[in-house]
Amino acid sequence: MFKSFIFTVFCVLALSVDSARCQPAPVAAGADEIQVLIDVSGSMKQNDPDNLRIEASRLLVNLLPDGAKAAFWLFAEKTAPLSATDAVNTAWKQQASKATANIHSRGLYTHIEDAIQTVLSQGFTGAGKKHLILLTDGFVDISKDIMQSADSRERILSEWIPKLQQQNINVQTVALSEQADKELLEKLAFETGGWAETAQSAEQLQRVFLKMAQKAAPKETLPLTDNKFNVDSGIHEFSVLVFKKPHAAPTQLVSPDGKNISKQSMVANVSWLESQTYDLITVKQPLIGEWRLVAEVDPDNQVMIVTDLKLQLSEIPNFLGENEALPIKAHFTDKDKLIARADFLGMLTLEVIQDQQTPAKMHTLATEPGFYQHNVEHLSLGKHLLKIVADGKTFKREIINEIEVVATPITVEKHVDAAQRQVSLKLLPDTKLIDPAGLVVNAVISQAGHPPETRAVTGKDGAWVLDLAGLPPETMTHVAFNVMAKDHEGKPLTPAIKPLSIDDSWFKLAEQPAVAEPPASKSEHQEDANHDARTDQHGEAEADSEKHPPPAEHKTNWALVGGILFAINIIVGVGGFFIHRYLKKIQAEKQQQLLERLS
């Protein structure tokens, strides 16, 4: 009996080792979703006479990451799918690329509201990050009655933006032509934390769509210097995007072994997407070493990679308030696991390059091994390009991000009462710029499952205060502000206030650690009373046992039980020790293999 028990214990320990080695990787909570709306109204005949939306859309299709869910839609007076919402893979990209040939300019109106409504009701279905890319060249136009169009535009601002916020959908907008409603498009982007761009001509659409792809699905890149880049052993695939000018010579790649690769080379592991304005070249299982691009140098050319050795960044917002610092936090992973080994980190140098200025070095965090941090400060108003570059001596990684710093003539102070789950937002205008007498503030408050609520914020003693009481737990509350103001000369102003998303983290930060109260005297007396009662009962039980001793055959052999438990503890302890050492050895070997590959 005892031997079989020991054998069972050893089997359990062995199975634990196997399960630790064979446990599958965790499944992602939800795939990212990207929905793209393409304007096909008749005005596109003037703003895109050569229908360059086809080539730009085809590029966007091929820049989307595998595994994401995506779809393309055409909209004018109605909205219709161009490609169905599905997981992005090779087959989906081929189908969607062919479908872009159906992009036209025959629509009668520009019904942006219907387009947003259709995508919200039919497009987004999962729990991953959500991005909506909207390309248009005009104003909201739904009928010959301009008042109907004005009402539709107002509904987008007052109803649909809060619904987009409720579902955490970032809107990326592209205005094609100066005639587009930039105010609406910029508000759609700003209020949802998205991004807004203007393409001055259809020829710029490819470059603008590249930015939108970077915002919706950021990709790690390799530094491209003088048309040269280095491929290390951790890279499984790279894609070179090359922008071309008219009548440019055919693009070529030169591999580390000196071979020239062109579209006509027909190399098995190379695929080549060619258009009049760009080439997208993908190489699977590339040779290690220096590659060279034979093409005209262009600042928008990029080398995007697929790798297990990844540079990971904390989330960087698209918009930053004036005088607001931007903390950037970075770390490396190998197959999605943090690398914190000192010998690996000793090779690393991480830098932040802002607008081609002198690089700023990121510093290690003593409290978090493997993490680096740097605060970007004193950014001027407008758009800024940030590059985070990692140099590991034998490998390099790069992430490019663009942010916009917006003026904040109205600051927001936050006051949180964790006990009552109440938040007070105090809006303080800069009276040097804004005339308080002409300031009107409306707050749009929205929560999932409830219609948006618009509440007027009244001013008193130079402050406009919004009180939000009894906020429910485990619920995101979005607050956006519509502000109308005037300067001291009576000129209208539209100051922007960043929307706020209030969740449980606000109250956790405000909570103070509870102080343990000393035990009450009543509890002490009660415990003493219980102890006395137990003592009396124990004494009575002993006396009773002396009078009526239990039969001998019912006695427990405590020595044998103690011996068994002691043996089990030794087996489990020794087994656990060796399992721990074994698993630690496996992890060390994997990290060592990574270092050897890179060296």
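Each value in this text was obtained by applying a stated rule to the coordinates, not by laboratory testing. Computed from a predicted model, the values in this text were never measured in an experiment. Note that we place each Cβ from the backbone using ideal geometry, even for glycine, and neighbour counts take in every protein chain shown.
Brief remarks follow.
- Dimensionless Rg ratio for the range 410-510, taking C-alpha atoms and the 2.2 N^0.38 Å reference: 1.14
- Mean sequence separation of contacting Cα pairs (under 8 Å, at least six apart), scaled by the length of the range 410-510, corresponds to a relative contact order of 31 percent.
- Inter-probe distance in nm under a simple model that places probes 7 Å from Cα toward Cβ, at Ser121 and Lys335: 4.7 nm
- Stretched out straight at 0.36 nm per residue, the stretch from Glu489 to Asn260 would grow longer than its current Cα-Cα span by 75.8 nm.
- Label-zone membership for the range 470-494, site Thr454, 7 angstrom Cα→C-beta point, backbone N under 16 Å: 479-485
- Of the GluC sites (Glu not before Pro) in the range 358-414, the ones in a loop by DSSP (not H, G, I, E or B) with at most 12 other beta carbons within 10 Å are Glu377.
- Interchain or long-range residues, amide H under 5 Å from Ser105's placed H: none
- Cα→Cβ-extended label distance, 7 Å offset, between Met476 and Thr394, nm: 4.2 nm
- Non-local lysine pairs in the range 382-498, meaning eight or more places apart or on different chains, with alpha-carbon distances under 23 Å, amount to 17.
- Ordering 71-78, 386-393, 503-510, 109-116 by mean Cβ neighbour count within 10 Å, with the highest value first, yields 109-116, 71-78, 386-393, 503-510.
- Taking one quarter of the surface of the convex hull spanned by the alpha-carbon atoms of the range 221-307 gives a direction-averaged projected area of 5.1 nm².
- Reduced Cα scattering model of the range 33-216, Debye log10 I(q)/I(0), q = 0.11, 0.14, 0.15 Å⁻¹: -0.41, -0.68, -0.79
- Inter-label distance, nm, simple model (7 Å from Cα along the C-beta direction), Lys182/Lys144: 3.2 nm
- Loop-resident sites, the range 190-268, for trypsin sites (Lys or Arg not before Pro), counting at most 12 other Cβ within 10 Å (DSSP): Lys259
- Whole-angstrom gap from the range 275-341 to the range 379-427, using each part's C-alpha centre: 20 Å
- Near-label residues of the range 39-83 by backbone N, under 11 Å of a point 7 Å along Cα→Cβ of Gln276: 49-53, 55
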